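Chemist: Below is a structure I'd like to ask you about.
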Amino acid sequence: DDEMRLRQEIVLGRGGVHVFDLLGIEPALVHVNEGHAAFAPLERVARLVRQSGLTFDEASEVVRATAVFTTHTSVAAGHDRFSESLMRRYFSDVESWLGLPWERFFELGSSSDDPDGFAMTRLAVRLCGHVNGVSRIHRDVSRRLLRSSWPGLLPDEVPIHHVTNGVHLESWTSPEVARLLDPASESPPGTELAVRAAALDGAALWEARRGAKRRLVESLRRRVARAGEERGEPSSQVWRAVQSLEENALLIGFARRFAAYKRADLLLRDRRRLLEVLSRPDRPIRLLFAGKAHPRDGHGQEILKLVAAAAGSEELSGKVFFLDDYDIELARIMVQGVDLWLNTPMRGQEASGTSGMKAGMNGVLNLSVPDGWWAETEDGDHGWSITGGALAADPVGVDNLDAADVLRLIDLEIAPLFFDRAGDGVPSRWLKRSVRSMRLVAERFSARRMVEEYRDWAYVPSARSWFLLREHDFAAARNAVGSKRRLRRGWKQIQVLGVELPETGTLELGERLEAVVDLDLGDLTPEDVRVELVVGRPSRNGQLEDASVVALAADNGSPARGPGASRRRFRAEARLEHAGRWACGVRLRPNEGDEPSPGLADLVLWV
């Protein structure tokens, strides 16, 4: 329940920092993986408050510059949220150890659109200066989901980056394929793995693939026989199912958590067409399903039961298999031994996915919705993308069209390619795709590449910040907080005296748009304020899309209308480079660099 979940996250986050202390480790930075661990940066703040005499804001400045947050969730419901009453039960003493009154503490996890809930993701965003999703599409999804932390920014401006997930290839590559890729066997030592993969001989790869497939089939036969006996199925039925697991069949694997958005039941929507595709005597095809549903996911459990029932039905028995007791060992032999890996998530809900990467490095081809990592493969010659339902307007239409597209691809493209054999029995055209798939994964989806990206983008800058901010009794952190307080005080004094924008009407392509803004800055200087002309296409929901931002420069030779040294005129020009409908506006925001922090997000002003 929620209370147990909160307890777990307190142990993980606050307790995790205690473990560092007990081990004598003072980390220069902390990487928070999902919102579950968001109490870790909070505990780091508390320790700086207690041990270094910093205020909460000063300690937060240090922690924010030295914390990385990776979100993996693509739907709002997947982000943990706790009620205020539950939070009070465990954090009523927060002022004594964090130096922050209850109201300000609760604001760290709440928002104007959810004032009664404490969201762990929001806490992580506010205490971590580096925030990322786990694929390019997931970055864009996360920007929309978490945009309320930066209410004055356009979705594309929200400072959430992406580091696409990768897999530890050595853990998932089959022994047979690994021996082929051993640099001591064929290539000079030090040759990159992707280069060795690209140079593989098709016939040698086929022999390695057959070895991994043989091990998978033998394991599945034992599993199917044992499961049938445990369920009390007739021995003749179990024997037929075991014998139907042929090494020469096209084995299609689907193994993952049975969440509703992953659509494990997609191919069951048209049983007649599915049976037709699986029943061609010259092209045996077997569908292998494995996975588990979360104990609290009733919908996922129903999908699992549906798939298991279909596998046990008279019409699909021996053609569709549901494999019990899914674990990491079954996952490993499946990604190593199947021929095709199937991935059917709802679009925009697959944050990254990694099972297809693991399969791809074993020479397995992918059939996937172009979401998560697969959308970054520029699919064309190393797998297939499911695009049938991309333009459907309703969920049922999307599912039906995607299901039809999967079956069409398997029947008319994938199976014919797999069973197209030369005289030596080797599917050479299929293997060319396999080699390209292996090279692609080795080049772009390894854990090594992923960690190097984190290192360059977040770890090294965070570590440098840790040492710089600690110098001279945290002087830089104290100065930064003082500067932000000055900005916040001065922002209340800003007055907009006048705005001149192009009149509504028809403009010529290439024509210049001029914007002039007169401000009374009060105690602030022109260097404290970013005045911007934002030009974009108006969308149905009132947002600007495909927007460009042009900074207005302070016009020193042309003061704003009226007397007063604090009055300044800002002006800029933008050129219309494309035809169509356009809208523009002027925005003021604190000049805090290219990475706006949530701490000053409420000061953004559209005029």
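The values are calculated or read from the model by the stated rules, or taken from the named source; none is laboratory data. Keep in mind the model is a prediction, meaning the values are calculated, not measured. Here the Cβ is made from the backbone with ideal geometry for all residues, glycine too, and neighbour counts use every protein chain on show. The protein model used for the area step is the full one, side chains on, heavy atoms only, and it has no ligands, DNA or RNA in it. Shrake-Rupley method; radii C 1.70, N 1.55, O 1.52, S 1.80 Å.
Chemist: Take Trp97 and tell me if it is surrounded by fewer than 19 Cβ atoms within 10 Å (Cβ to Cβ) and touching a residue at least 40 places away in the same chain (Cβ under 8 Å).
Modeler: Working: surrounded by fewer than 19 Cβ atoms within 10 Å (Cβ to Cβ): yes; touching a residue at least 40 places away in the same chain (Cβ under 8 Å): yes.
So Trp97 passes the test.
One line per residue, one yes/no per condition, for (1) open to solvent by 40 Å² or more (accessible area, probe 1.4 Å); (2) touching an Asp or Glu at 6+ places or on another chain (Cβ under 9 Å); (3) under 30 Å from Asp182 (Cβ atoms):
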residue	(1), (2), (3)
Arg272	yes, no, no
Glu276	yes, yes, no
Pro281	yes, no, no
Met334	no, no, yes
Met346	yes, yes, no
Ser355	no, no, yes
Gly380	yes, no, yes
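Chemist: Please verify whether Val45 is in a helix (DSSP H, G or I), more than 25 Å from Arg81 (Cα to Cα) and either under 21 Å from the mean Cα position of the chain (by Cα) or at pLDDT 95 or above (or both), treating the condition exactly as stated.
Modeler: Working: in a helix (DSSP H, G or I): yes; more than 25 Å from Arg81 (Cα to Cα): no; either under 21 Å from the mean Cα position of the chain (by Cα) or at pLDDT 95 or above (or both): yes.
No; evaluated as a whole, the condition is false for this residue.
Chemist: Let me ask something else. Which number in (1) at pLDDT 95 or above; (2) more than 23 Å from the chain's Cα centre (by Cα); (3) crowded, with 16+ Cβ neighbours inside 10 Å; (4) closer than 14 Å to Val406 by Cβ marks the one condition that Trp341 misses?
Modeler: (2)
Chemist: Given the condition touching a strand residue (DSSP E or B) at 6+ places or on another chain (Cβ under 7 Å), among the polar types (S, T, N, Q) and closer than 21 Å to Ala442 by Cβ, answer yes or no: does some residue in region 322-342 qualify?
Modeler: Among the residues of region 322-342, not one is touching a strand residue (DSSP E or B) at 6+ places or on another chain (Cβ under 7 Å), among the polar types (S, T, N, Q) and closer than 21 Å to Ala442 by Cβ, which makes the answer no.
Chemist: From the list Glu545, Glu527, which residue is under 19 Å from Ala601 (Cα atoms) and of a type outside the set (A, V, I, L, M, F, W, C)? Give the derivation first.
Modeler: Details: Glu545 fails: under 19 Å from Ala601 (Cα atoms).
Just a single option satisfies the conditions, and that option is Glu527.
Chemist: For region 555-591, which residues satisfy the criterion of being modelled with pLDDT under 80 and not polar (S, T, N, Q)?
Modeler: Restricting attention to region 555-591, the residues satisfying the condition of being modelled with pLDDT under 80 are 556-565.
Correct list: Gly557, Pro559, Ala560, Arg561, Gly562, Pro563, Gly564, Ala565.
Chemist: Then there's this: Under 7 Å between Cβ atoms, which residue pairs at least 6 apart in sequence (or on different chains) link something in region 192-212 that is crowded, with 20+ Cβ neighbours inside 10 Å with a partner that is small (Gly, Ala, Ser)?
Modeler: Going by the 7 Å Cβ cut-off, the qualifying pairs are Leu193/Ala442; Arg196/Ser187; Ala197/Ala442; Leu205/Gly363; Leu205/Ser434; Arg209/Gly363; Ala212/Ser174; Ala212/Gly337.
Chemist: For a quick check of your reading of the model, give me the residue pairs whose first member lies in region 510-522 and is in contact (Cβ under 8 Å) with a residue 24 or more places away in the chain and more than 17 Å from Val534 (Cβ to Cβ), whose second is open to solvent by less than 10 Å² (accessible area, probe 1.4 Å) and outside any strand (DSSP E or B), with beta-carbon atoms closer than 9 Å and at least 6 apart or on different chains.
Modeler: Asp518/Ala560; Asp520/Ala560; Leu521/Gly490; Gly522/Gly490
Chemist: Could I ask something else about it? State all residues of region 190-221 that are among the hydroxyl-bearing types (Ser, Thr, Tyr) and more than 29 Å from Arg449 (Cβ to Cβ); if no residue qualifies, say none. Reasoning before the result, please.
Modeler: Step one: filter region 190-221 for residues among the hydroxyl-bearing types (Ser, Thr, Tyr), giving 191, 219.
Selection gives Ser219 alone.
Chemist: Residue check: is Glu61 open to solvent by 20 Å² or more (accessible area, probe 1.4 Å), touching a residue at least 24 places away in the same chain (Cβ under 8 Å), acidic (Asp, Glu) and within 20 Å of Phe106 (Cα to Cα)? So that I can check it myself, show each step before the final result.
Modeler: Numbers: open to solvent by 20 Å² or more (accessible area, probe 1.4 Å): yes; touching a residue at least 24 places away in the same chain (Cβ under 8 Å): yes; acidic (Asp, Glu): yes; within 20 Å of Phe106 (Cα to Cα): yes.
Yes.
Chemist: A further question follows. Does region 451-468 contain any residue that is under 24 Å from Trp206 (Cβ atoms) and of a type in the set (Val, Ile, Thr)? Before you say what the answer is, go through the steps one by one.
Modeler: We begin by selecting, within region 451-468, every residue under 24 Å from Trp206 (Cβ atoms); these are none.
No, that holds for no residue.
Chemist: Give me a count of the residues in region 382-404 that are in contact (Cβ under 8 Å) with a residue 12 or more places away in the chain, among the aliphatic types (A, V, I, L, M) and either open to solvent by 20 Å² or more (accessible area, probe 1.4 Å) or farther than 11 Å from Arg269 by Cβ (or both).
Modeler: 5
Chemist: Among the residues of region 312-332, write down those that are free of Cβ contacts under 8 Å to residues at least 24 places away in the same chain, in a loop (DSSP other than H, G, I, E, B) and open to solvent by 40 Å² or more (accessible area, probe 1.4 Å).
Modeler: The answer is Glu314, Asp327.
Chemist: Restricting to region 64-82, and then to whatever is touching a residue at least 40 places away in the same chain (Cβ under 8 Å) and hydrophobic (A, V, I, L, M, F, W, C), can you tell me which residue is farthest from Lys484 (Cα to Cα)? Reasoning before the result, please.
Modeler: Pass one, region 64-82, residues touching a residue at least 40 places away in the same chain (Cβ under 8 Å): 64-76, 79-80, 82.
The next check asks that each one be hydrophobic (A, V, I, L, M, F, W, C); those that pass are 65, 67-69, 75-76, 82.
Values: Ala65: 15, Ala67: 20, Val68: 22, Phe69: 23, Val75: 33, Ala76: 31, Phe82: 30 Å.
Filtering region 64-82 for residues that are touching a residue at least 40 places away in the same chain (Cβ under 8 Å) and hydrophobic (A, V, I, L, M, F, W, C), the one farthest from Lys484 (Cα to Cα) comes out as Val75.
Chemist: Is there a residue in region 64-78 that is open to solvent by 20 Å² or more (accessible area, probe 1.4 Å), hydroxyl-bearing (Ser, Thr, Tyr) and farther than 22 Å from Ser110 by Cβ?
Modeler: No; the residues of region 64-78 include none that is open to solvent by 20 Å² or more (accessible area, probe 1.4 Å), hydroxyl-bearing (Ser, Thr, Tyr) and farther than 22 Å from Ser110 by Cβ.
Chemist: Any residue in region 451-480 that's under 15 Å from His130 (Cα atoms): show its pairings with residues that are part of a helix (DSSP H, G or I) and open to solvent by less than 80 Å² (accessible area, probe 1.4 Å) at Cβ separation under 7 Å, as long as the two are six or more apart or on different chains.
Modeler: Ser462/Ala65; Ser465/Ala65
Chemist: Can you name the residue in region 54-112 that is assigned to a helix (DSSP H, G or I) and under 30 Å from Pro345 (Cα atoms) and is also modelled with the lowest pLDDT among such residues?
Modeler: Filtering first and then ranking leaves Ala77.
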